[in-house]
Amino acid sequence: MKLVNNSVLFITVIFIIGIIIGHQILIALTTSIIICGFVLFLFILLFFWKRKQLFGSFSFTIITVCTFLCVGVTCVQLQYPENQHSHYLNSFQENTEFTLNGIISSTLKQNTYYHNYIFEVQSLNKQPTTGKLLLSIKIDSISNHLKTGSQIIFKSKLKDVYKTLNPHQFNYSEYLQTKQIYKQATINNNEFVEINTRIFSFKTLAEQYRNKIKNGLINQGLSKNQLAFTNALLLGERKDLDKEIYNDFASAGVVHILAISGLHIGIISGLLLLLFKPLQKIKYGKYLEWIIISVLLWAYAFLIGNTPSVLRAVTMFTCVNFGFILNRKGTTIRMLCLSIFILLVANPYALLDVGFQMSYLAVLSIISFMPIVNNKINHLPKITRKVIQIMSVSVFAQLGVLPISLYYFHQFPTLFLLANLIILPGLGIILGYGLLIIVLSLINIKLNFLVYSYGKIIDALLYIIHQIAMRDSFVIKQIFFNKELLFSSYIIVLLLYFFIKKRSIARLGYLLISIIIFQCTYIYYSKRSLEKNSFYIFHQNRNTILAEKQGFALTVYNNNLTNQDKFLNDLETKIGINDTQTDSLKDIYLLKNEKVLLVVDSLGVYNIPEQKKIDYLLLRNSPKINLERVLKNFNVEMIIADGSNYKTYVKRWKNTCKNKKAPFHYTSEQGAFVIDY
């Protein structure tokens, strides 16, 4: 029994499964390493024995699966804070102030109140320590941005990153954990000391070069929007980009253009391959070409600041380019798998990154389907072939990322093909133009006609994207799409590839069965959503918002009906709501499961229907109520206080419930209260 036709792809898939398992469990590092070492030893031993045909290939397949599962699990265990003795979490104590010393590793987008940074801890209470945390410094009239590479020291308590308090909201705390950031420190602008103006690092040096390039671009005479777009497209800095431009790109389905990733590196790589193609005519020229292109790509990655998306893309295309240069069947897919293996061994948390998933799925889809298309269009004229190839690349890239895009973002821009058909040829021109202008700006050469034409191309591109984005009716939003639909969608894509590669009745049958499975999955979860009813008591500061779900309909209760919060859109999408009504708040709710929810507002007056038992009591707007009397007279299942109450009142109610041994739920601490029936 052969392992599989493509052993590298097989090993990569098993390794990824091992990483997924590793993220679900915690094993003592010593145990994990011993098990992994033992299985790896058996793998090497069996590998040499198999070559002498002492064992069958089935045994080798089994031990290969076990080996790379263990390698994947161990890679994750090595990254767990619990398995790193020097990590600050192992010295962490609640409500304890620590003295922290470390370096600003990157700058995040600031909000209304705070400058935000990723802080790499070097010492905690003068003890050598490792780990990253979120540092928020309060903005005041004299506060300045700290720069990447700045070393500071400060005292602060460490607390959990703010967690979402309403169901189906974006969970920023979980997102930061995928970046290995587990705690947050919040300080005032005068509570830290910069103990060294700047410490040399490659990131610091790269930032200096980027600033030099930005100043050079300013001197070239580009307009504000042209400059901001160039900075986003070529330097990866979007902070100066107009919000309307960003929204236009998002609505048109081409927002990925504004984040340097595989698309940009792929185009730059293609331009370099074209530029250095003459080297292939000399002996060993193709290897020299690969070395030069790889050095230039890594130099560009260094310039951008070695962000995860750029490192991922450059690693991927360094390997893929080698496959192209060798020009052997199957080499490209092997090199792609090799880049995945290298990146995940270095950082297994990269697998949880949406950008990582979408980049590799898009490239995998393109290099899988495009050879089939190229074989079919070889006889066509060159211009026709190029148009078909551009359209095919866009379609297959979208096909590869469509399921995961629907899962994460729940919308589909139907004009994506038109937008990408316009963008892709223009993007290559803009990237080539932009890189040339950057080089000229660094050597203080200004060619007015070149800058003028470059600016006009950008203006034309922004105008076209704006016109496409204005067709809002072509964007399908709030699409219900869960994990089960995601997996069944990729089964369809996989079977579609096999059918296109080699058409047969059997493969067509498998494809149609996979489509039926997808439809059945959608019907099943739609039926579950229809049958499940829920009542929500959301958390909102200084406000009360309630909602009742019955089938596919949602009724939102809120006295401020003009202020519909954004989190409701996420809720509607995730639970499959297609009809939303609004109503004012009521004093009492009779739920379908015959439970009764009593709402007491600031007046503290409540009327209880005859022969009705109070199951849930909601306190809102800080009512002056004798809670002890209520608990004495009524057997209430749960006392609930939402975010509209004064904290002093909540503290008193909590103590009362504790003394009376009554359950108490505070939405500001425990999140929204949901009653399912």
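The values are calculated or read from the model by the stated rules, or taken from the named source; none is laboratory data. Keep in mind the model is a prediction, meaning the values are calculated, not measured. Here Cβ is always computed from backbone atoms with ideal geometry, including for glycine, and neighbour counts include all displayed protein chains.
What do you reckon, is residue 552 surrounded by fewer than 18 Cβ atoms within 10 Å (Cβ to Cβ) and assigned by TED's automatic domain parsing to the domain that holds residue 669?
Yes: the conditions hold for residue 552.
Of the numbered conditions (1) surrounded by fewer than 18 Cβ atoms within 10 Å (Cβ to Cβ); (2) touching a Gly at 6+ places or on another chain (Cβ under 9 Å), residue 141 satisfies every one except a single condition; which is it?
Every listed condition holds for residue 141 apart from (2).
Could you check the stretch 631-646 and list, in sequence order, the residues that are touching a helix residue (DSSP H, G or I) at 6+ places or on another chain (Cβ under 9 Å) and loosely packed, with under 12 Cβ neighbours inside 10 Å?
Hit for the stretch 631-646 is 632, nothing else.
Give the residue that is farthest from residue 244 (Cα to Cα), with candidates limited to residues of the stretch 465-493 that are in contact (Cβ under 8 Å) with a residue 40 or more places away in the chain and among the β-branched types (Val, Ile, Thr).
In this case the residue turns out to be 493.
Determine the pairs where a residue that is assigned by TED's automatic domain parsing to the domain that holds residue 92, located within the stretch 164-187, has a partner that is among the basic types (Lys, Arg) and part of a loop (DSSP other than H, G, I, E, B) with Cβ atoms under 8 Å apart, the partner being 6 or more residues away or on another chain.
171/163; 172/163; 173/163
Can you report the number of residues in the stretch 360-396 which are touching a residue at least 60 places away in the same chain (Cβ under 8 Å), crowded, with 18+ Cβ neighbours inside 10 Å and of a type outside the set (Phe, Trp, Tyr)?
The qualifying residues number 4.
Could you pull out the residue among 583, 579 that is surrounded by 13 or more Cβ atoms within 10 Å (Cβ to Cβ) and farther than 18 Å from residue 619 by Cα?
Among 583, 579, only 583 is surrounded by 13 or more Cβ atoms within 10 Å (Cβ to Cβ) and farther than 18 Å from residue 619 by Cα.
Please list, ordered by residue number, the strands (runs of 3 or more DSSP E) wholly in the stretch 46-157 having 2 or more residues that are touching a Phe, Trp or Tyr at 6+ places or on another chain (Cβ under 8 Å) and at pLDDT below 90.
97-107
Does any residue of the stretch 511-529 turn out to be surrounded by 13 or more Cβ atoms within 10 Å (Cβ to Cβ), part of a helix (DSSP H, G or I) and at pLDDT below 85?
Yes: one or more hits.
Check the stretch 494-509 and report whether any residue there is touching a Ser or Thr at 6+ places or on another chain (Cβ under 9 Å) and closer than 30 Å to residue 567 by Cα.
no
Being among the aliphatic types (A, V, I, L, M) and more than 30 Å from residue 666 (Cα to Cα) is the requirement here; does residue 137 meet it?
Criteria not met by residue 137.
When you look at residue 542, is it exposed (fewer than 12 other Cβ atoms within 10 Å of the Cβ), in contact (Cβ under 8 Å) with a residue 40 or more places away in the chain and not polar (S, T, N, Q), yes or no?
yes
Say we look at the stretch 460-485 and pick out the residues that are basic (Lys, Arg) and loosely packed, with under 14 Cβ neighbours inside 10 Å; which of these is modelled with the lowest pLDDT?
477
Got at least one residue in the stretch 239-255 being at pLDDT below 80 and either among the basic types (Lys, Arg) or farther than 21 Å from residue 468 by Cβ (or both)?
yes
Suppose we keep only residues that are in a helix (DSSP H, G or I) and in contact with a strand residue (DSSP E or B) (Cβ under 9 Å, 6 or more places away or on another chain) within the stretch 450-477. Which one would you say is nearest to residue 418 (Cα to Cα)?
468
Of the residues that sit in the stretch 224-263 and are of a type in the set (Lys, Arg) and free of Cβ contacts under 8 Å to residues at least 40 places away in the same chain, which one is surrounded by the most Cβ atoms within 10 Å (Cβ to Cβ)?
Going through the qualifying residues, I end up with 238.
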